1. On the given criteria, is G118 outside any helix (DSSP H, G or I) and under 19 Å from the mean Cα position of the chain (by Cα)?
2. Aromatic (F, W, Y), away from the ligand (no atom under 15 Å from the Cβ) and at pLDDT below 75, is that true of F57?
3. Failed condition for A126, given (1) among the hydrophobic types (A, V, I, L, M, F, W, C); (2) buried (at least 19 other Cβ atoms within 10 Å of the Cβ); (3) in contact (Cβ under 8 Å) with a residue 40 or more places away in the chain, with all others met?
4. Residues in the range 89-112 that are over 19 Å from the mean Cα position of the chain (by Cα), over 13 Å from L140 (Cβ atoms) and assigned to a helix (DSSP H, G or I): how many?
Amino acid sequence: MAIEVSCPGCSRLLRIDEIHVGQQALCPACDEVFTVSQQNTDEGIASETDASASNPFAPSSAPVSWDESAAATEYQDVAPHRGTLILVMGLLSWFCCCGFGIVAWVMGSQDIKQMEAGRMDPNGLALTKAGYWIGIISLLLNLGMVAFWILMFAFSIRDEM
Ligand SMILES: [Zn+2]
C-alpha cells in the first residue's frame, strides 16, 4: 500500500510504498535525505522536527527509489496552497479589521479556482474555503453594521426636525 510523506527539506508530498517506512529516502526534488516514518504522512510541523533530529546519514539501506510516475505527475507544477494565510486573513478580518476580509475574499476565490483547475495543491481547499467564508461573512456583517448606523443616524436627524 502506498503512503504519502512530506519531505522535511522542501515539504513536497511524495508517494512511497509503506514497506519503506524506517528506511532512508532521497527526495527527487531537493536531494534531501531523510528517514521515512509514518509520522511524516501527517503534514504536521511536529514531523519536521522528528525528521531533522534523526541523523540523515545514519548507516542503513540505500535510499529507496520513488514511484517516479506518481511523484512527477501528481505533485509537480502544482503551486503550494495558501490556505493557512487565507484563514489567518479571514480571522484577522473578524477580530481586527474587516479590510482583511477583502484580502481573504479575493485570495480565496482565486485559489479555489486554481485548485479546481488542478493548478494548486488541493490539500488546502478546506482551509482556503474556511478563510474565504469567514472573510466574506465578517465583511458583510461590518457593512450591515455601517448601514444600520447610517439608518439610525438618518432617523435621529429626522426626529429632531
Ligand atoms: Zn525535498
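The values are calculated or read from the model by the stated rules, or taken from the named source; none is laboratory data. Predicted model, so just to flag it, every value in this text is computed and none were measured. Cβ atoms come from the backbone with ideal geometry, glycine included; neighbour counts cover every protein chain shown.
1. Yes, satisfied.
2. Working: aromatic (F, W, Y): yes; away from the ligand (no atom under 15 Å from the Cβ): yes; at pLDDT below 75: yes.
So F57 fits the description; yes.
3. Answer for A126: the failing condition is (2).
4. 2
Condition check ((1) outside the structural domain of G101 (by TED's automatic domain parsing); (2) modelled with pLDDT of 50 or more; (3) part of a loop (DSSP other than H, G, I, E, B); (4) surrounded by fewer than 17 Cβ atoms within 10 Å (Cβ to Cβ)) across all residues:
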| site | (1), (2), (3), (4) |
| --- | --- |
| G9 | yes, yes, yes, no |
| I16 | yes, yes, no, no |
| D31 | yes, yes, yes, yes |
| N40 | yes, no, no, no |
| D50 | yes, no, no, yes |
| A62 | yes, yes, yes, yes |
| L87 | no, yes, no, no |
